[in-house]
1. Setting aside same-chain residues fewer than 8 positions from residue 23, which lysines have a Cα under 30 Å from its Cα?
2. Tilt of helix 171-182 relative to the longest C-alpha principal axis of the chain, in degrees (0 to 90, nearest 10)?
3. I'm a student and want to see the number: the projected area of the Cα convex hull of the range 219-295, averaged over all directions, in nm².
4. Return the sequence-ordered ³J(HN,Hα) values of the range 253-267 in whole Hz as given by the Karplus equation 6.51 cos²θ - 1.76 cosθ + 1.60 applied to θ = phi - 60°, using x for Gly and Pro.
5. How many percent of the alpha carbon pairs in the chain exceed a separation of 25 Å?
6. Which value in nm describes the separation of the simple spin-label points at residue 50 and residue 64, placed 7 Å from the Cα toward the beta carbon?
7. Within straight cross-link reach of residue 267, meaning Cα distance under 28 Å, which lysines are found once same-chain residues fewer than 8 apart are removed?
8. Within the chain, what's the longest stretch lacking chymotrypsin sites (Phe, Trp or Tyr not before Pro) that sit in DSSP loops with no more than 13 other Cβ atoms inside 10 Å?
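Read-outs throughout are calculated quantities, based only on the coordinates presented, and are distinct from any laboratory measurement. Source: prediction; values computed, not measured. Quick reminder, even Gly has a Cβ in these numbers, built from the backbone with ideal geometry, and neighbours come from all protein chains shown.
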Amino acid sequence: MRIDVVTIFPEYLEPLNVSLVGKARARGQLDVHLHDLRSWTTDVHRTVDDTPYGGGPGMVMKPEPWGAALDAVLAEGAEALAADGDAAVGDAAVGDAADGDVAVQVPTLVVPTPSGRPFTQELAQELAGRSWLAFAPARYEGIDRRVIEEAATRMPVVEASIGDYVLAGGEVAVLVMVEAIARLLPGVLGNAESHRDDSFAPGAMADLLEGPVYTKPAEWRGREVPEVLLSGHHGKIARWRREQAFARTLAHRPDLVARWQQGAFDKKEREALSVLGLRWDEEQGRFRTTADAVEE
Ligand code: ADE
């Protein structure tokens, strides 16, 4: 996968040289290119921002440097990918090539913003399936809207938020997203199984948070590892882990519990849910706690 990042703080992205993502780069699984937005400014002060039309606090990122930067990234990346013979793999340009033309490859542009759609495991999976991503992290109050609108006429654009809080800029969000995406690429995680049970992974553990984990020694500062984990009984261990996941999800993410469907649980699991105070509400089609009922 090729990744381009345009930013006024390329040094902010140095963690991309470390650990899992760093190793994926060293192995050639990820081809990361960092670009300094200011290299596309034309004034002596290398200005990237200006006051907002309509007034209000803060500054807005100017369209001209962003437009020029995206043009350059598109041209450079398309050329590199065509030279690699990768051209058939990625997204064709929006609008598509005319009959007989070879479709020029374009990236999916990811714009981190607190006003974007939530960056979820599902979106990470979707983006991990693309062969080329370009990230446009903003500082200040954001990028002039016309940049995003114009980009969307040329390539798929995804505006995404990593959570309901406001960062000083999108660079940290890029680090978060790249790490979440990179670990899903084939061959990046050592053990191919190791994201199967992740919280939020599609499949058996969807909408469930992972429960606690333990390692040696079996006793530490007077605290013992739950006995079932030492039993060697795989069935019991799996059941225990699932029940722990139920309890944890109920404690930390009742919004996920509201998505559970009764049919996803066997008889013993339904008993475990009932011990946690969860009852299936036929009318509402969701699990409810006794506390829910009291609140109403
Ligand atoms: N930029 C500032 N806050 C952000 C957030 N929560 N997600 C993505 N980008 C951001």
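1. Those lysines meeting the cut-off are 216.
2. On a 0 to 90 degree scale, this one is about 60.
3. Numbers: hull surface 26.6 nm².
Mean shadow area of the hull around the Cα atoms is 6.7 nm².
4. Result, rounded to whole Hz: 9, x, 5, 6, 4, 5, 8, 5, 10, 4, x, 6, 10, 7, 4.
5. Values: 26203 of 43660 pairs.
Cα-Cα pairs in the chain separated by more than 25 Å: 60 percent.
6. Label at residue 50, label at residue 64, 0.8 nm between them.
7. Partners found: 236.
8. Numbers: sites that count: 53, 165, 214.
So the longest stretch without any such site is 54-164.
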